[in-house]
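Student: One structure follows; several queries about it will come next.
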Amino acid sequence: MLKIKPHYKLLLIATLLCFNSSFAQNVSKTGTTAASFLEIGVGAGANGIGGAFVSIADNASALYWNPGGIAGLSQFEVIVVHTDWIAETNFDFAGLVLPLGDFGTLGLSFTSLSMDDMKVTTVELPGGTGEYFSASDIAVGVSYARNLTDRFSIGFTLKYIEQRIWHMSASAFAIDAGTKFRTDLLGGLTIGATMSNFGTPMELNGRDARYFIRVDQTKQGSTDQIPTSIEMDTWELPLIFQIGISTYAVNTDLYKVLIATDAMVPNNNYQSMNFGAEFSYNDYLFIRGGYNSAFLNDSEGGLSVGAGLNTKMIFSDAVVNFDYAFRDFGRLQSLHNFSVGIKF
């Protein structure tokens, strides 16, 4: 008879439960929220294991995945991320974690999705009017976390979000909340849970929505310069609930194998699962693999692989980690993620 180790039994049970729940939602709401850039995963390390990072959250990228995770960081940490994103856009993220002893841990983060300027064209001037426009998204976050016990931590992030296109803009405020709990089960199984992007709706405003009309076309002498504005709809933010578990299948002084799984429940799509595993050698070399958006119909997510290196700086106790991840996006272009982190 095939025997399954306890590590894998728990992961299998969680997978089956979440797989069953993935059929509970019958109507897709894809494309019904604003600020979709908030759903782009941060950090090549986390993306390399398929985004199954909510319960791990053990570096500065936890500012995105689970703010409760930064409470366990004992050193100052910086992370910088750059990705050539889909449709010739650029995705960038920078985060700073500041441990403050008994007071807790403070974090600062900045997220940006940008594009090159494009020509303004009209029906009459398809080659361009001589003007250019651009579009960009940003989010600025302030995080706070602390350990409530030696096993349990909680954290929050307050974010300002802004989207711009030419002369129009929309803004919102949102809160992320996350927890992380380490158990004695299975050699230290860890449970993480987050709620992301709970906030105010977004509505575009600006001079591109303003134009002039003539109230009555039948009356001679009536002016055609009556100012009016297009009424814009409001759009909710992409609210996401996630819960994840992770544990070490192998844990020796030299080799470690970390396995993890996350379940995602968004307000703009069906439920899905992320899976991942990480092999590490002497806390120096990391090999990662995972699968993103499992059980999600028509998903462009998929396989991810990655690697990382930890190196100590000469004449300093600072540690620099370099991470890379490859992500398969199906019919869309495949992506290469890079991130650099510093602990000091």
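Student: Using the Karplus curve 6.51 cos²θ - 1.76 cosθ + 1.60 with θ = phi - 60°, work out ³J(HN,Hα) for each residue of the stretch 37-52 in order, rounded to whole Hz, and write x for Gly and Pro.
Tutor: The phi angles translate into 5, 5, 8, 7, x, 10, x, 5, x, 5, 5, x, 9, x, x, 8 Hz.
Student: Does anyone have the angle between helix 6-21 and the longest principal axis of the chain? Alpha-carbon axes, 0 to 90°, nearest 10?
Tutor: The two axes meet at around 20 degrees.
Student: Between LYS119 and VAL215, what's the calculated FRET efficiency when r is the beta-carbon distance and R0 is 22 Å? Round to 0.05.
Tutor: Numbers: r = 35 Å, r/R0 = 1.57.
E(calc), rounded to 0.05, equals 0.05.
Student: Kindly identify the chain as rounded, prolate or oblate by the Cα gyration tensor criterion: order the square roots of the eigenvalues as a ≥ b ≥ c, call it rounded if a/c is under 1.5, otherwise compare a/b with b/c, prolate if a/b is larger, else oblate. It would help to have the intermediate numbers written out before the result.
Tutor: Numbers: a/c = 2.13, a/b = 1.87, b/c = 1.14.
It comes out prolate by the Cα gyration axes.
Student: Still on this model: 7 Å from Cα along Cα→Cβ at both THR89 and MET232: what's the point-to-point distance in nm?
Tutor: Roughly 1.6 nm, to one decimal.
Student: Using only DSSP helix segments of four residues or longer, with each worth -39500 (n - 2.57), what per-residue ellipticity at 222 nm results for the chain after dividing by its residue count and rounding to 500? Display every interim value, and only then the final one.
Tutor: Values: 3 runs with 25 residues, N = 344.
Taken over the chain, the calculation gives -2000 deg cm²/dmol.
Student: If you don't mind, there's one more thing I want to ask. Which residue, GLY127, ILE191, ALA249, has the largest displacement toward the positive end of the dipole of the chain when charges sit on each Cβ (Lys, Arg +1; Asp, Glu -1)?
Tutor: It is ALA249.
Student: Spin-label point model (7 Å from Cα, Cβ direction): what's the LEU148 to SER299 distance in nm?
Tutor: If labels sit at LEU148 and SER299, their model points lie 3.0 nm apart.
Student: Still on this structure, please answer the following. Aspartates and glutamates near LYS256 by alpha-carbon distance under 16 Å, same-chain residues fewer than 8 away left out - which ones?
Tutor: Leaving aside aspartates and glutamates fewer than 8 places away in the same chain, those within reach of LYS256 are ASP58, GLU278, ASP283.
Student: What's the ranking of 272-279, 177-184 by average number of surrounding C-beta atoms within 10 Å, highest first? Write out the running numbers ahead of the final one.
Tutor: Numbers: 272-279: 22.1, 177-184: 19.4.
Descending mean neighbour count gives 272-279, 177-184.
Student: Once amide H atoms are placed 1.01 Å from N in the peptide plane, what residues at a sequence separation of 5 or more from SER339, or on another chain, have their amide H within under 5 Å of its amide H?
Tutor: Under 5 Å from the amide H of SER339: ALA44, ASP323.
Student: Another question about this same structure. Rounded to the nearest 20 Debye, what is the dipole magnitude of the stretch 113-189 about its Cα centre when Lys and Arg each give +1 and Asp and Glu each give -1 at the C-beta?
Tutor: Details: 7 positive and 9 negative charges, 105 e Å.
The dipole of the stretch 113-189 has a size of about 500 debye.
Student: In addition: Could you give the dipole magnitude of the chain about its Cα centre, charging the beta-carbon of Lys and Arg +1 and that of Asp and Glu -1, in debye to the nearest 20?
Tutor: It works out to roughly 920 debye.
Student: Could you sort 253-264, 165-176, 121-132 so that the peptide with the highest average Cβ count within 10 Å comes first and the rest follow in order?
Tutor: On the way: 253-264: 19.7, 165-176: 17.2, 121-132: 9.8.
With the highest mean Cβ count within 10 Å placed first, the list reads 253-264, 165-176, 121-132.
Student: Right, here's the next one. Going highest first, how would you order 233-239, 46-52 by mean Cβ packing within 10 Å?
Tutor: In decreasing order of mean packing, 233-239, 46-52 become 46-52, 233-239.
Values quoted throughout were computed directly from the atomic coordinates according to the rules given, and no laboratory measurement underlies them. On a predicted model such as this, the values are computed, not experimentally measured, just so you know. Cβ sites come from the backbone with ideal geometry, for glycine too, and all protein chains shown count toward neighbours.
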